[in-house]
Amino acid sequence: MDYYFSPCITNMYQHRYVDFLLEHYTELKLTYPFQEAFSYIVSPLLMEGVSILCFDNEEETAGAFSYIYGTGEHDYTDRHIVQIQVAFIVERHRRTGLFAKALQYLLEHIEADESKEQVTELRFWTACNDYNRRLFEKFAERYAMAENECGQMDGYRVLISELRTYLDRLQTRALV
């Protein structure tokens, strides 16, 4: 199946991004209370971040992801770090290669943004479970663990250069 990505620049796409993620809120399995989770969903729209929708060849929304520049620990001044705020792929589009395509698009989008400081690192948090660890430890280092009233979370980070190497290896395997 073919996919394409669209940054949410217009109000219509921004609404579609928020509506899509709220429609799939329970499937997101975010380990935060709703108010905090909602702030992560909308923060890229309010903080010079980027939100992106993914569409399949039938024009159906297959996924969404977003990121901001900087981390809360450093009051968002460490803009060489991009932090993924939310990433979601609809169940029927998982295990299709869409995840790798989304990572590739994310990397290209970050590298193409000349208005920002050069990004050297990508960070994200996920629910702490074996599935997520198997998936994310293929390309990122687990560097932190945290717990709140909604569960345990793992923090991951990967250098942009290492992510590029990982994606190049995946693409080479796909061609063989």
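Derivation of every value follows stated rules applied to the coordinates shown; laboratory data play no part. Every value quoted in this text rests on a predicted model; they were computed, and no experiment measured them. Neighbour counts are summed over all protein chains in view; Cβ atoms, including those assigned to glycine, are modelled from backbone coordinates with ideal geometry.
Looking at the range 130-138, is at least one residue among the polar types (S, T, N, Q), out of contact with any helix residue (DSSP H, G or I) (no Cβ under 8 Å at 6 or more places or on another chain) and in a helix (DSSP H, G or I)? So far as the range 130-138 goes, yes, one or more of its residues are among the polar types (S, T, N, Q), out of contact with any helix residue (DSSP H, G or I) (no Cβ under 8 Å at 6 or more places or on another chain) and in a helix (DSSP H, G or I). What about residue 117, is it over 29 Å from residue 34 (Cβ atoms), in contact (Cβ under 8 Å) with a residue 24 or more places away in the chain and either among the hydroxyl-bearing types (Ser, Thr, Tyr) or assigned to a helix (DSSP H, G or I) (or both)? When the stated conditions are applied, residue 117 does not pass them. Restricting the range 21-37 to residues that are within 22 Å of residue 93 (Cβ to Cβ) and without any contact (Cβ under 8 Å) to a residue 60 or more places away in the chain leaves a set whose member that is surrounded by the fewest Cβ atoms within 10 Å (Cβ to Cβ) is 26.
Looking at 2, 75 in this structure, which one is out of contact with any strand residue (DSSP E or B) (no Cβ under 8 Å at 6 or more places or on another chain) and exposed (fewer than 11 other Cβ atoms within 10 Å of the Cβ)? Break it down into steps so the answer makes sense when it comes.
Details: 2 fails: out of contact with any strand residue (DSSP E or B) (no Cβ under 8 Å at 6 or more places or on another chain).
Testing whether each residue is out of contact with any strand residue (DSSP E or B) (no Cβ under 8 Å at 6 or more places or on another chain) and exposed (fewer than 11 other Cβ atoms within 10 Å of the Cβ) leaves just 75.
On the stretch given as the range 32-72, residues that are out of contact with any strand residue (DSSP E or B) (no Cβ under 8 Å at 6 or more places or on another chain), among the aromatic types (Phe, Trp, Tyr) and over 23 Å from residue 12 (Cα atoms) total 1. Of all the numbered requirements in (1) under 20 Å from residue 27 (Cα atoms); (2) in contact with a Gly (Cβ under 6 Å, 6 or more places away or on another chain); (3) not small (Gly, Ala, Ser), residue 133 misses one, and that requirement is (2).
Here is the figure for the range 38-58: residues that are surrounded by fewer than 21 Cβ atoms within 10 Å (Cβ to Cβ), outside any strand (DSSP E or B) and not charged (D, E, K, R) total 10.
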